[in-house]
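The values are calculated or read from the model by the stated rules, or taken from the named source; none is laboratory data. It should be emphasised that the depicted structure is a prediction, and the values quoted were computed from it without experimental measurement. Neighbour counts are summed over all protein chains in view; Cβ atoms, including those assigned to glycine, are modelled from backbone coordinates with ideal geometry.
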Ligand SMILES: Cc1ncc(COP(=O)(O)O)c(C=O)c1O
């Protein structure tokens, strides 16, 4: 359908079809149906155009994934070329793009001998990492290890096992969680849940894993999993020491350390991997999103050679895990070209540099009394709104922030995602200073309007 010639009736018809037939992920149908589904028709750089012709800056990089930006023709060309060569290979083999991408991902990883299990997205990457960790333990003498320790309110994906790891009260009821899912309190930098001293707060939060492993019997614990910086809990940035402690704990009890880098992998925090920025070497890393910058669905569990080698040998050692479209050649071609662009333009470096600028500019928002905290690392940042800076108490529910802020930002040509008390940002890594200024200007105006409405 030629999108630039759509007129009112055609737009209405599309909205009607969506209203009748489309499930939007994790959204209440009646809300978007009443307002009219937002439909996007074009993307270029950090900007998208909606069906009414409005051009908006995508502050969320799609859904935490748009690293190299919208509208890269060379990625589209690489995908087309792969499609015309062989779109998907017969089962016993692989296509060239998938093979090459495994080499490229290993080249960027802390272990150059890493082995990559490709899947179709982040939830599958986490599922794969956890299954791999359990079997690794089985193969290396800890056969009774099946428990996985994760942080409450993290987000590790929407599939049943991954939801079990998140233990998020907002998730759908599913009956009993995965047996062996053990949860510890999350790390919160701003609210200092463990100690008012930042370093002690971090170490005590990491020690929660130690206590849980001891409590559960170390012989039964297969893995521990966490995101380098948790987006689900509002961009909480720990000090390096938190991750060093996590590594020590995993080593002490022979537990596999899984980093969920579905958001932070490939440049987001200012290094190729978020764990590089924290100087820590996980055993398995789950990635997806920015691997292709959203040009095609693709994810992976990256195993260090120590983990991967345990699966070598007779058939009993085979990793009997299969995802039909995992590592699809067209997605792999997109991933390869995307990573080539990221290398050529040093997008991890841009993320570090522009992230500093973004944070500096966001700090100007402290002029608003309701801005309690501004935080971030690389181009992952958040502003948290509170009613009282000293107590850090939230604004009342009657402020209806989750409804008002996204609408106000949209009017100012900014796309947000679940903005409310916490306004998260994850823009494309190609964002410019002018675009950062535009974004911060829109936030400044929006927060000012909210304050005026609240009589502050
Ligand atoms: C940290 C993290 N892990 C896993 C996932 C699941 O990824 P996907 O939605 O691609 O299945 C997400 C998705 O947002 C995520 O943020």
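Data for the structure
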quantity: Every residue from region 130-145 that is within 16 Å of the ligand (Cβ to nearest atom) and more than 16 Å from residue 155 (Cα to Cα); calculated: 131, 132, 133
quantity: Given (1) in the same structural domain as residue 409 (by TED's automatic domain parsing); (2) within 16 Å of the ligand (Cβ to nearest atom), number of the condition residue 45 does not satisfy; calculated: (2)
quantity: For residue 179: the one exception among (1) under 28 Å from residue 326 (Cβ atoms); (2) at pLDDT below 95; (3) crowded, with 19+ Cβ neighbours inside 10 Å; calculated: (3)
quantity: Of the criteria (1) within 15 Å of the ligand (Cβ to nearest atom); (2) in contact with a helix residue (DSSP H, G or I) (Cβ under 8 Å, 6 or more places away or on another chain); (3) farther than 23 Å from residue 131 by Cα, which one residue 234 fails; calculated: (2)
quantity: Breaking point among (1) closer than 14 Å to residue 328 by Cβ; (2) away from the ligand (no atom under 15 Å from the Cβ); (3) surrounded by 17 or more Cβ atoms within 10 Å (Cβ to Cβ), for residue 91; calculated: (3)
quantity: Test: residue in region 129-142 that is within 25 Å of the chain's Cα centre (by Cα), under 27 Å from residue 218 (Cβ atoms) and either surrounded by fewer than 23 Cβ atoms within 10 Å (Cβ to Cβ) or not assigned by TED's automatic domain parsing to the domain that holds residue 162 (or both); calculated: yes
quantity: Which listed residue is at pLDDT 95 or above, part of a strand (DSSP E or B) and either more than 20 Å from residue 59 (Cβ to Cβ) or touching a strand residue (DSSP E or B) at 6+ places or on another chain (Cβ under 6 Å) (or both), from 302, 307, 341; calculated: 302
quantity: Sole residue being surrounded by 11 or more Cβ atoms within 10 Å (Cβ to Cβ) and outside any loop (DSSP other than H, G, I, E, B), chosen from 53, 62; calculated: 62
quantity: Among (1) within 16 Å of the ligand (Cβ to nearest atom); (2) on the phi < 0 side of the Ramachandran plot; (3) touching a residue at least 40 places away in the same chain (Cβ under 8 Å) - the single one residue 221 does not satisfy; calculated: (1)
quantity: Residues of region 275-299 classified as away from the ligand (no atom under 16 Å from the Cβ) and assigned to a loop (DSSP other than H, G, I, E, B), total; calculated: 4
quantity: Subset of region 26-50 that is part of a loop (DSSP other than H, G, I, E, B) and within 22 Å of residue 443 (Cβ to Cβ) - its residue that is modelled with the highest pLDDT; calculated: 46
quantity: Test result for residue 331, buried (at least 24 other Cβ atoms within 10 Å of the Cβ) and either assigned by TED's automatic domain parsing to the domain that holds residue 232 or more than 12 Å from the ligand (Cβ to nearest atom) (or both); calculated: yes
quantity: Subset of region 198-244 that is part of a loop (DSSP other than H, G, I, E, B) and closer than 13 Å to residue 278 by Cα - its residue that is farthest from the chain's Cα centre (by Cα); calculated: 239
quantity: Index of the failed condition, residue 127 passing every other in (1) over 30 Å from residue 340 (Cβ atoms); (2) within 16 Å of the ligand (Cβ to nearest atom); (3) without any contact (Cβ under 8 Å) to a residue 40 or more places away in the chain; calculated: (1)
quantity: Test: residue in region 66-75 that is within 16 Å of the ligand (Cβ to nearest atom), on the phi < 0 side of the Ramachandran plot and part of a loop (DSSP other than H, G, I, E, B); calculated: yes
quantity: Residue count, region 353-368 (criterion: touching a strand residue (DSSP E or B) at 6+ places or on another chain (Cβ under 9 Å) and buried (at least 16 other Cβ atoms within 10 Å of the Cβ)); calculated: 6
quantity: Criterion: in the same structural domain as residue 278 (by TED's automatic domain parsing), farther than 27 Å from residue 216 by Cβ and part of a helix (DSSP H, G or I) - qualifying residue of 165, 101; calculated: 101
